[in-house]
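S.K.: Please read through the structure below; I'll follow up with questions.
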Amino acid sequence: QVQLVESGGGSVQPGGSLRLSCLASESIFNTYAMGWYRQAPGKQRELVAAVTNGGSTNYPDSVKGRFTISRDNAKNTVYLQMNSLKPEDTAVYYCNAKWALWEYWGQGTQVTVSS
């Protein structure tokens, strides 16, 4: 059972930056695709960034150019650097690991963008 623990959420003013971290309980990045999702109140969970085990990244247009996903295999950690944050980025952010029939989620970390 892979465990994912997110950290780094918080409150920030519009235009600010935050970096989220997701620590995996074991070395999985050579196998699993990793992603960050978010869910705002009353909305469906949506993908905001993904990286394959080969290192290819994917972002929706809503965050492209502002968010960057990266990983440190030695630390079993994947990051989400979020710049130029907007109020509409406010949500609970979840880390995700996926491979074949296996999928794991973290507990989520709150990000609030408000003046």
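The values are calculated or read from the model by the stated rules, or taken from the named source; none is laboratory data. Quantities reported herein were computed from a predicted structural model and do not represent experimental measurements. Cβ placement follows ideal geometry from the backbone for every residue including glycine, while neighbour counts extend to all protein chains displayed. To get the accessible areas, we keep the full protein, side chains included, count just its heavy atoms, and leave off ligands, DNA and RNA. Shrake-Rupley method; radii C 1.70, N 1.55, O 1.52, S 1.80 Å.
S.K.: Under 18 Å between alpha carbons, and skipping anything fewer than 8 positions from Lys86 in its own chain: which lysines qualify?
M.R.: Qualifying lysines at Cα under 18 Å: Lys43, Lys64.
S.K.: Starting at 0 and stepping by 5 Å, how many percent of the alpha carbon pairs of the chain end up in each bin?
M.R.: It works out to 2, 13, 24, 26, 19, 10, 5, 1, 0, in whole percents.
S.K.: Please compute the length gained on full extension between Ser84 and Gln107, using 0.36 nm multiplied by the number of residues separating them and subtracting their Cα-Cα distance.
M.R.: Full-extension gain reported as 5.8 nm.
S.K.: Moving to a separate point now. What does the accessible area per residue of the chain come to in Å², with a 1.4 Å probe and no ligands, DNA or RNA counted?
M.R.: On a per-residue basis, 53 Å².
S.K.: Can you figure out the FRET efficiency of Ser25 with Thr52, using R₀ = 25 Å and their beta-carbon distance, to the nearest 0.05?
M.R.: 0.75
S.K.: Let me ask another. What trypsin sites (Lys or Arg not before Pro) in the range 33-115 are in a loop by DSSP, with at most 16 other Cβ atoms within 10 Å of the Cβ?
M.R.: Listed in order of number, the matching sites are Lys43, Arg45, Lys64, Arg66.
S.K.: State, as an integer percentage, the relative contact order of the chain based on alpha-carbon contacts under 8 Å between residues 6 or more apart.
M.R.: Contact order relative to length: 36 percent.
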